[in-house]
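Peer 1: Here it is, the structure, as structure tokens.
Rule-based calculations on the coordinates, nothing more; no lab input. On a predicted model such as this, the values are computed, not experimentally measured, just so you know. Cβ sites come from the backbone with ideal geometry, for glycine too, and all protein chains shown count toward neighbours.
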Amino acid sequence: MNHFELFDLPVSFNFDRRKLALKYFELQKKYHPDFFVQASEQEKEEALEISTQINKALKILKNEDETIKYVLQLKGLLEEEEKYKLPPEFLMEMMELNEDLDSSSAKKIESFENELYQEVKPVIENYDDTKTDTQDLLNLKEYYYKKKYLQRILDRLDG
């Protein structure tokens with residue numbers, strides 16, 4: 001069962017966050033290990049396993065980037081620890097940005113990230129699991145990796 005099925009949500013990037021929270025509490029009431037103290041070892045193990053899956057799913061679905069990654073993985077378009085090759089022109093821009101890191105760099109990176117988002121905004125906001133084509137998802141994958149790259153630069157600025 002995937003995370004969307006677990007929370008009874010459509011595969012999407014825009015879903016009702018209230019429904020996510022309500023379903024989380026409903027599932028935790030049903031499967032939290034504290035409610036299985038008197039149960040058999042097998043039932044305790046199953047409850048712990050399901051509760052762990054619920055917590056992991058919530059963490060992913062609450063985070064837009066993690067949700068993008070998860071959907072791409074569901075579609076078989078992204079693998080864990082994948083060595084994705086970013087376009088050379090993007091890498092050149094990042095090299096220039098890295099060379100000129102200063103106090104205004106965070107704003108530049110944020111602006112750059114906003115530009116990248118505009119390219120995939122229609123896919124994210126109008127995603128339909130039955131209609132969105134593979135090319136749109138591949139564009140989303142590139143966005144995901146570019147954003148991840150930008151985040152590493154921001155992390156260095158903060159560190």
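Peer 1: Okay, helix-only estimate at 222 nm for the chain: each DSSP H run of n ≥ 4 adds -39500 (n - 2.57), divide by all residues, round to 500 deg cm²/dmol; what do you get?
Peer 2: -23000 deg cm²/dmol
Peer 1: Looking at the range 1-98, which GluC sites (Glu not before Pro) are DSSP coil and have at most 16 other C-beta atoms within 10 Å of their C-beta?
Peer 2: Here the GluC sites (Glu not before Pro) that fit, given the DSSP loop and packing criteria, are Glu79, Glu80, Glu81, Glu82.
Peer 1: So how tilted is helix 41-62 from the main axis of the chain? Cα-based, degrees 0 to 90, rounded to 10.
Peer 2: Around 30 degrees separate the two axes.
Peer 1: Please tell me the relative contact order of the chain in percent, rounded to the nearest whole number, where contacts are Cα pairs under 8 Å and at least six residues apart.
Peer 2: 27
Peer 1: Gap in Å between the Cα centre of the range 63-110 and the Cα centre of the range 124-145?
Peer 2: Taking the Cα centre of the range 63-110 as reference, the centre of the range 124-145 is 16 Å away.
Peer 1: If you put +1 on each Lys and Arg Cβ and -1 on each Asp and Glu Cβ, how big is the dipole of the range 3-62 around its Cα centre, in Debye rounded to 20?
Peer 2: Approximately 500 debye in magnitude.
Peer 1: Just flag the trypsin sites (Lys or Arg not before Pro) in the range 83-144 sitting in loop per DSSP whose Cβ has no more than 15 other Cβ atoms within 10 Å.
Peer 2: Here the sparse-neighbourhood loop sites are Lys83, Lys85, Lys131.
Peer 1: Assign unit charges at the C-beta atoms only (+1 for Lys and Arg, -1 for Asp and Glu), then state the dipole size of the chain relative to its Cα centre in Debye, rounded to the nearest 20.
Peer 2: Dipole magnitude for the chain comes out near 420 debye.
Peer 1: Report, to one decimal in Å, the Kirkwood hydrodynamic radius for the chain based on all distinct Cα pairs.
Peer 2: Hydrodynamic radius (Kirkwood, Cα only) of the chain equals 18.1 Å.
Peer 1: When a footprinting reagent is the concern and you count Cβ atoms within 10 Å, what order do Val120, Val37, Val71 take, fewest first?
Peer 2: With the sparsest Cβ surroundings first, the list reads Val37, Val120, Val71.
Peer 1: Something else now. Tell me which aspartates and glutamates have Cα within less than 18 Å of Lys30's Cα, excluding those fewer than 8 residues away on the same chain?
Peer 2: Within the straight-line cut-off, Lys30 pairs with Glu5, Asp8, Glu41, Glu43, Glu45, Glu46, Glu49.
Peer 1: Explain nothing, just the number: relative contact order of the range 3-62, from Cα pairs under 8 Å at least 6 residues apart, as a whole percent.
Peer 2: Value for the range 3-62: 37 percent.
Peer 1: Once Lys and Arg get +1 and Asp and Glu get -1 on their Cβ, which of Asn63, Ser111, Met94 lies farthest toward the positive end of the dipole of the chain?
Peer 2: So the residue furthest toward the plus end is Asn63.
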